[in-house]
Amino acid sequence: ELIRRHDRRLFKVAQYIVQNAHDAEDVVQDSFLKAFQGLAQFREESKFSTWMIRIVVNHALMKVRQRRNGNHLAIEETNGRGENPAPLEICDVRIDPEQALHAAQVKLRLQRAVKELNPVFRAVFVLRDVQGLSIAETAAALKISVPLVKTRLLRARLRLRQRLSIYFGDAHWPAASRVATARIFRAAV
């Protein structure tokens with residue numbers, strides 16, 4: 001029951017941090033195993049979901065560090081010749097192709113901008129602005145102070161604003177606010 005209830009949300013958190021669906025699946029699976037093994041240590045001072053997010057974030061950041069240190073080999077989905085065997089997404093024929101292309105380009109730019117964030121900024125941004133956790137829940141999940149969450153979140157938003165204003169212009173970014181950042185990000189994802 002717990003796995004079913006939290007699996008999708010935890011997968012999204014992991015995927016935003018590790019930037020790879022296969023690694024995200026591994027992170028979530030390892031996190032559930034770790035949580036199950038440490039269930040007796042869970043103190044009900046915080047919500048179960050906050051505890052699980054903390055475990056996922058830790059595992060995801062470890063995966064990023066391993067990859068950065070060269071201890072991890074990423075395997076891409078290919079047909080053996082270095083080509084993708086089939087399209088990963090099939091377009092809805094009811095959608096205008098031009099609109100679909102524009103939406104795909106916007107989504108790709110946003111994903112790249114988030115991927116380019118430092119992992120500590122990315123984790124705060126994803127938990128707060130994408131997953132919708134409160135500042136306090138984000139701080140608890142990352143085991144950092146509330147002021148540090150606010151600082152990292154502001155820096156993440158400013159970096160995203162700087163990277164994305166090239167494509168979208170400053171009119172779409174009235175301030176480095178949660179509403180502006182989340183609205184633009186969610187519109188494309």
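Some notes on this structure:
- Residues located in region 145-175, provided they are surrounded by fewer than 13 Cβ atoms within 10 Å (Cβ to Cβ), at pLDDT below 90 and assigned to a helix (DSSP H, G or I): 162, 166, 167, 170, 171
- Given (1) basic (Lys, Arg); (2) modelled with pLDDT of 85 or more; (3) surrounded by fewer than 16 Cβ atoms within 10 Å (Cβ to Cβ), index of the condition residue 94 fails: (2)
- Count of residues meeting criterion [among the aromatic types (Phe, Trp, Tyr) and outside any helix (DSSP H, G or I)] in region 14-72: 1
- Members of region 135-156 that are among the hydroxyl-bearing types (Ser, Thr, Tyr) and touching a Lys or Arg at 6+ places or on another chain (Cβ under 8 Å): 138
- Residue 142 passes every criterion in (1) at pLDDT below 90; (2) within 24 Å of residue 49 (Cβ to Cβ); (3) surrounded by 13 or more Cβ atoms within 10 Å (Cβ to Cβ); (4) more than 13 Å from the chain's Cα centre (by Cα) apart from (1).
The values are calculated or read from the model by the stated rules, or taken from the named source; none is laboratory data. What you are looking at is a predicted structure, and each value in this text was computed from that prediction instead of being measured. When we count neighbours, we look across all protein chains shown, and the Cβ atoms used for this are built from the backbone with ideal geometry, even at glycine.
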